[in-house]
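First the structure, in the form of structure tokens, and then the observations on it.
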């Protein structure tokens, strides 16, 4: 398939129709390629990193720590053309770009940050199971000293396994029983392909730390019905024991139905997560829930200057295991795609949210879209405005808006810059119109390609709520896909009167610089990294 973004076209060698759900089931088959030479199947990648960093201590003094050199090793072996083994010792990910910012103010549930580290990204699709929770969220393995991974396929069976330790839980004060201890993580996944877009699978995860453990076993399946429909299921059981000795067992059941054709699209899901469901290797946004979600949409295809457009309706409701109605929402939506890769969407919604025993009825409107007509400028985003709940001990209803906007600028072929703006505000209408918070986070990621091998990257980020500013510079000289040299510099600042510490040692927080509004450096780091790839 050849994608022409400027024309919003996909030119496909094999005949593909939207009347059949799925793309891979319609691809053509190349025949006649035999006796091809095998590529080298052993890669050894040693790394050496030197880091020097400093930070502001609790008394307002900037303290520079001694340089800390470290070495690491990565080994990759191709067992077969479809099955690969990876082993890493003391991996370093200092060259990885920072996470895209997310607004953490007035959030009821935890935020999920995506994985960016190469060792965990390769083959990650094997462990991905779409559903109400993330079964394998490798960000929970914060600082591995050792990791091993097996990913690939044998016949119709897809296999995946991860074994890794984690030094992060043991980074506590000396004298603590957990000091210097490591958590052990095991993930195993198998999936057997039955026929087109249909499979049966199983997954097992375990994390153990001292006397605590978190174990999950799950079965999942997907079955295609005809050319446009499919059903799926997921069943999971967890066994969890925390450091206090409290044991919990939880269950998850997820059933779904989908329809995707040229005009109609529909999705229905029913899932339950029991109150005692705990899963330390994955990401669980919410437990104690029995949720029904449904969506129905229709697409018109005039295929003129309007490529397609159509309405949709969504309905969802959620009960807890005590059968209290916690959430209910109805959304009416409209989407349209225009020629030259321009899109627009909007929806209106009526929602009921129960928080701390109080039912809040909310209305909101959202709009979004993007324009991607040229390589020089791409921009888009979304914005939601309406009723919001202030999550606190005595919650109340107010007005708020939230959104995210992006732009990618490429004035010349060697330079490009991506800008992301996240916004959120909340207004208390009970006594006038008091603004409780107004958060804006601006992030830019700019790269300049001096040559095919030499690259400069800069990430700048500013948060108006915390009054924080950060800069991250990275020079990269890459000889080939594995051999590279990195030089990085990271700098962070915060408005001085927002900094707190224990100056007098009485155990209470004090303002470090109460009368200063200038930006004060809080963290700084410089690192160099060299890696060299050996292939055999």
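Some points to look at:
- As a ratio to 2.2 N^0.38 Å, the alpha-carbon radius of gyration for segment 77-197 is 1.25.
- Alpha-carbon spread of segment 71-287, three principal axes, descending order, Å: 62, 44, 33
- Sum of -39500 (n - 2.57) over DSSP H runs of 4+, divided by residues of the chain (222 nm, nearest 500): 0 deg cm²/dmol
- Inter-label distance, nm, simple model (7 Å from Cα along the C-beta direction), residue 487/residue 116: 2.2
- Likely footprinting exposure, 324, 504, fewest C-beta neighbours within 10 Å first: 504, 324
- Peptide packing: for 121-129, 262-270, the average count of neighbouring Cβ atoms within 10 Å per residue gives the ranking 121-129, 262-270, highest mean first.
- Distance between the modelled labels on residue 305 and residue 396, one decimal in nanometres: 5.0 nm (7 Å Cα→Cβ projection).
- Cβ crowding within 10 Å, taken as a proxy for footprinting-reagent exposure, orders 92, 165 from fewest neighbours to most as 165, 92.
- Three-way shape label, segment 451-520, alpha-carbon gyration tensor, a/c 1.5: prolate
- Cα-based shape type of segment 378-536, given that a ≥ b ≥ c are square roots of the gyration tensor eigenvalues and the cut on a/c is 1.5: oblate
- Tensor-based shape of the chain (alpha-carbon gyration tensor, a/c under 1.5 rounded, otherwise prolate or oblate): rounded
- Residues 343, 422 arranged by fewest to most Cβ contacts within 10 Å: 343, 422
Only the coordinates and a few stated rules stand behind these numbers; no lab work does. Keep in mind the model is a prediction, meaning the values are calculated, not measured. For neighbour counting, all protein chains shown are included, and Cβ atoms are generated from backbone atoms with ideal geometry for every residue, glycine included.
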